[in-house]
Amino acid sequence: MNPEGTDQARGAPRPAIMLGITAAWGLCFLAIRLGLQDAPVLWFAALRALIAAAALLLLCLVQGRALPRGLRTWALITLMGLTNVTVAFAAMFAGTAGMAIGAAAVLANAQPLLIIVPAWWLYGESISARTVAGIGLGFAGLLVVGLASGGGSGVWLSLLAAAAVTAGTLTARSLAGTDLVAASAWHFLIGGALLAGTAAAREPVQAIHWTPQFLTVLLFLSLAGTAAAFLAWFTEAARSRLDLLTAWTLLVPVIGTAASLLLPGERPPPLAVAGIVLVLGSLWLVLRRPTATGPPPPRGTKASDPSRR
């Protein structure tokens, strides 16, 4: 565990960037459902990762970025590729195939609950009662949204995806000082290659139908929902408190459920509105900064950090 107080140097993630990330990831669940009409689960997941890797590697080449160095760095990148790509993408796609979009998005975004204790243990991030209450309220809202949207056979797969993404986020924090564009590119390539190898052994590549719809959703998933979104996510993970960062993922299933309105048979019942209200309320509770009350501190004393209240 890091020495006490190391979390003071980290603050909240930037709202504009987090809104972009959560919007892209929320729409990914709709794109996955559409793409699964034309491709099997593992090949679709592998293509998403490999195209994202190719885009980021091209960016590294154009900008002259160096390869990551050191055995430890490559071990972390490989671990991140295995968890955040191979396991998370396969479980996420299979979970989305087996249940309603809203429920899959809810369960696959349980990071805020899963990351609290590891962030405290590994990085010394304090856990305030307000944060715990806010995340608990948000997860209650996610459950309401998920139950209102229907369940299915993909429950455990979606939870596995959430756990794998959480492990990837924790690993990314350990890559401090490494070029994040290069690290992101290589972890997508390693994870995507493992997915492709598994897909080749289990699914016929001829099962992919290269329709205009499939190409559109694949490019959106790979470039906007993966290369750009995950690079921004890892950048914010390197500079932000993990509890405040992952609280934003509570918005992903809200956006995913709203996007599912575009598909027949995916319209959520009115109960889902109550869950969305709980999620938005939890975000306000976790991310707001309390207003200072009482007289200002005496001259020469240091004001307390509001993020630790």
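Each reported figure results from applying straightforward, stated rules to the coordinates on display, with no laboratory input. Quick caveat: nothing in here was measured; it's all calculated off a predicted structure. Glycine gets a Cβ as well: all are built from the backbone with ideal geometry, and neighbour counts include every protein chain shown.
Observations, loosely collected:
- Taking ALA133, ALA100, ALA119 as the candidate residues, the one with maximal mean-square fluctuation in a Gaussian network model of the chain, Cα springs under 10 Å, is ALA133.
- Out of every Cα-Cα pair that the stretch 108-255 contains, those further apart than 19 angstrom amount to 62 percent.
- Cβ crowding within 10 Å averaged over residues, with 167-173, 86-92, 198-204 ranked highest first: 86-92, 167-173, 198-204
- Cα-projected label distance for LEU280 with TRP121, points at 7 Å along beta-carbon direction, nm: 3.6
- Across the chain, the mean sequence separation of Cα contacts (distance under 8 Å, 6 or more residues apart), normalised by length, yields a relative contact order of 38 percent.
- Modelled this way, with points 7 Å down the Cα-to-C-beta line, the labels at LEU215 and ARG14 are 3.4 nm from one another.
- Each label was represented as a point 7 Å from its Cα along the Cα-to-Cβ direction; for ALA133 and ALA201 these points are 5.0 nm apart.
- Scoring 65-71, 39-45 by mean Cβ neighbours within 10 Å over their residues and listing the highest first yields 39-45, 65-71.
- Expressed as a whole percent, the proportion of Cα-Cα pairs in the chain lying more than 38 Å apart is 14%.
- Gap separating the Cα centres of the stretch 20-68 and the stretch 156-233, nearest whole Å: 6
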